[in-house]
Amino acid sequence: MVVAFFGSTILAVVALRFIPVYFTPLMFIRCAEQISEGKDIKLHHHWVSLENISRHMPVAVMASEDQRFLLHHGFDYEAIEKAAKSNLQGNKIRGGSTISQQTAKNVFLWPGRSWVRKGLEAYFTVLIEFMWSKQRIMEVYLNSIEMGPGIYGVEAVANDNFNKKASELFRDECALIAATLPNPLRFSSKTPSSYIMKRKRQIERQMKFIPSFPKEGEDYDPRTSSGGVYRRN
């Protein structure tokens, strides 16, 4: 059983390095919830390559969710430490999940906070960081993340909320989408609240300090300048 588990999970990660992720466990869970609540099933998802997504979108989600995405290897220990201190002080509970961890959870697992699920999340995070490029992780993340009720991925949210393609999204629209990600079922980029507009402006300010996302074959090298630049492998 142990051999079968490791063999099947490693094979799945290798396969999804090249195969588009058309469905995730969360999509099926949400459909089941809609049926149980007597609602019509809504599942809007359309896979697009990273090249067909606005260049501002990766920068926006890094500014919002994981500013050290290009620097860490799956786990941002600084963010985890800050989250732990904040939680211990009795502040609003916050997490330290990276984009890599969220991608592992979205593609291979289910929502929840149990130790078993968190352990599996760590395991799959290590696998995708080892076997996928940062570009592939970002591509899968932007295609699989929940961005509204029945809406998954940036192409779907661009179609539903902005009546355009993901490649046509403007910088401020990308920041607005990213602002809803902490709770896309509660917050909407189509009808944003004053709180979301405030978050959007904060994200836009942070985006100024993040270079454009590198293409495949380029690495982030912060040592060459204070702002960080890209260099070819």
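The values are calculated or read from the model by the stated rules, or taken from the named source; none is laboratory data. A quick note: this is a predicted structure, and the numbers were derived from the prediction, not measured. Cβ placement follows ideal geometry from the backbone for every residue including glycine, while neighbour counts extend to all protein chains displayed. Just so you know, the surface numbers come from the protein's heavy atoms only, side chains and all, with ligands and any DNA or RNA stripped out. Shrake-Rupley method; radii C 1.70, N 1.55, O 1.52, S 1.80 Å.
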- Query: Does A79 qualify as being under 25 Å from A179 (Cβ atoms) and at pLDDT below 95?
  - Reply: yes
- Query: Looking only at residues in segment 94-118 that are within 20 Å of E78 (Cα to Cα) and open to solvent by 40 Å² or more (accessible area, probe 1.4 Å), which one is modelled with the lowest pLDDT?
  - Reply: R94
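Per-residue answers, yes or no, for (1) open to solvent by 70 Å² or more (accessible area, probe 1.4 Å); (2) out of contact with any Asp or Glu (no Cβ under 9 Å at 6 or more places or on another chain); (3) at pLDDT 95 or above; (4) among the basic types (K, R):
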| residue | (1), (2), (3), (4) |
| --- | --- |
| E173 | no, yes, yes, no |
| L185 | yes, no, no, no |
| Q202 | yes, yes, yes, no |
| K208 | yes, yes, no, yes |
| P211 | no, yes, no, no |
| N233 | yes, no, no, no |
- Only residues in segment 44-67 that are among the polar types (S, T, N, Q) and surrounded by fewer than 23 Cβ atoms within 10 Å (Cβ to Cβ) count as the first member; pair them with residues that are modelled with pLDDT of 95 or more and not in a helix (DSSP H, G or I), Cβ under 6 angstrom, at least 6 apart or cross-chain, and list the lot. S54/L169
- Task: Quickly run through segment 124-140 and pick out the residues that are open to solvent by less than 50 Å² (accessible area, probe 1.4 Å) and of a type in the set (F, W, Y).
- Result: F124, W132
- Note on the structure: Taking first residues from segment 13-36 that are more than 20 Å from E155 (Cβ to Cβ) and second residues anywhere that are in a helix (DSSP H, G or I) and of a type in the set (K, R), the pairs with Cβ under 8 Å that are 6 or more apart or on different chains are R17/R136
